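Asks: This is the structure I have questions about; it appears just below.
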Amino acid sequence: EDLILPKAKYAVPDEKPPQNRPVVNIMQDGSVVVKKNVRYSPTRDGDNFTPIHTLLAEMRDNIPDLDIEKKTVGGTQMTLINVPLLIRADKWTEWHYVGKFMEACVYPPAAFWKLELALSEIDKEAKMLGRPFK
């Protein structure tokens, strides 16, 4: 998806991402988009996060060579996924949308506990506007 990612002051290069790492895009309006398909829309779905839970469960079920770990978390036995999920959020996305998505990641049927946030090394917006960027 075409997003303007927030600029990172300090970041670790993403040199060898896992081949099976799932990627989710969170747009300015809070919509969750995967491979150009809107899977959750705040205007359509509101506080019903079932579409996000369904998406995460589908992602889990479709990860090849799934690396999982059984752990007890808060007294509950869970199967945790050791493949990181990459969240790409637009620079202007309100952070509560990202937070709600991150909360859904711990939903037991999904159990993504390793999350990565995508950032940019350059300020794409400044570059587009012809402003100096560092």
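The values are calculated or read from the model by the stated rules, or taken from the named source; none is laboratory data. Keep in mind that what you see is a predicted model, and the values were worked out from it rather than measured. Cβ coordinates were reconstructed from backbone atoms using ideal geometry, including for glycine residues, and neighbour counts include every protein chain displayed. Only protein heavy atoms, including side chains, enter the accessible area calculation; ligands, DNA and RNA are left aside. Shrake-Rupley method; radii C 1.70, N 1.55, O 1.52, S 1.80 Å.
Asks: State, in angstrom, two size descriptors of the range 1-62 derived from its alpha carbons: Rg to one decimal place and Dmax to the nearest whole number.
Replies: 13.8, 37
Asks: Helix-derived [θ] at 222 nm for the chain: sum -39500 (n - 2.57) over DSSP H runs of at least 4, divide by residue count, nearest 500?
Replies: Values: 4 runs with 33 residues, N = 134.
About -6500 deg cm²/dmol.
Asks: Also: Where does each of 75-83, 110-118 land if you order them by average Cβ count within 10 Å, highest first? Provide the component values of the computation, followed by the final result.
Replies: Values: 75-83: 13.7, 110-118: 17.3.
Per-residue mean Cβ counts within 10 Å order the peptides as 110-118, 75-83.
Asks: Against the longest alpha carbon principal axis of the chain, how many degrees, from 0 to 90 and to the nearest 10, is the axis of helix 50-61 turned?
Replies: It works out to around 80 degrees.
Asks: Shifting gears a bit: With only Lys, Arg, Asp and Glu charged, each at its Cβ (+1 for the first two, -1 for the last two), find how big the charge dipole of the chain is about the Cα centre; round to the nearest 20 debye. Don't jump to the answer; show the numbers that get you there.
Replies: Values: 19 positive and 19 negative charges, 59 e Å.
So the dipole magnitude of the chain works out to roughly 280 debye.
Asks: Let me ask something else about it. Tell me, what is the per residue accessible area of the chain in Å², probe radius 1.4 Å?
Replies: Details: 8590 Å² over 134 residues.
Spelled out: the 1.4 Å probe surface of the chain, per residue, equals 64 Å².
Asks: Further, regarding this structure: In the calculated pair distance distribution of the chain, what percentage of Cα-Cα distances lie above 24 Å?
Replies: Working: 3072 of 8911 pairs.
Tail of the P(r) past 24 Å holds 34 percent of the pairs.
Asks: Right, another one. For the peptides 1-10, 14-23, what is the packing order when you average, over each peptide's residues, the other Cβ atoms within 10 Å and list the highest mean first? Could the numbers behind the result be given before it?
Replies: Working: 1-10: 13.6, 14-23: 11.9.
Ranking the peptides 1-10, 14-23 by packing returns 1-10, 14-23.
Asks: Accessible area of the chain with a 1.4 Å probe: how many percent of it is carbon plus sulfur?
Replies: Values: 4560 of 8590 Å².
The nonpolar share, carbon plus sulfur, comes to 53 percent.
Asks: Here's something else I'd like to know. Can you spot the aspartates and glutamates whose alpha carbon is less than 14 Å from Lys114's alpha carbon? Ignore those fewer than 8 places along the same chain.
Replies: Cα-Cα hits under 14 Å: Asp67, Glu69, Glu103.
Asks: Calculate one ³J(HN,Hα) per residue across the range 79-87 by plugging θ = phi - 60° into the Karplus curve 6.51 cos²θ - 1.76 cosθ + 1.60, and present them in order as whole Hz with x for glycine and proline.
Replies: Values per residue, Gly and Pro as x: 9, 9, 8, 8, 8, x, 9, 8, 9 Hz.
Asks: By how many degrees, between 0 and 90 and to the nearest 10, does the Cα long axis of helix 95-105 differ from the longest principal axis of the chain?
Replies: The angle comes out at about 30 degrees.
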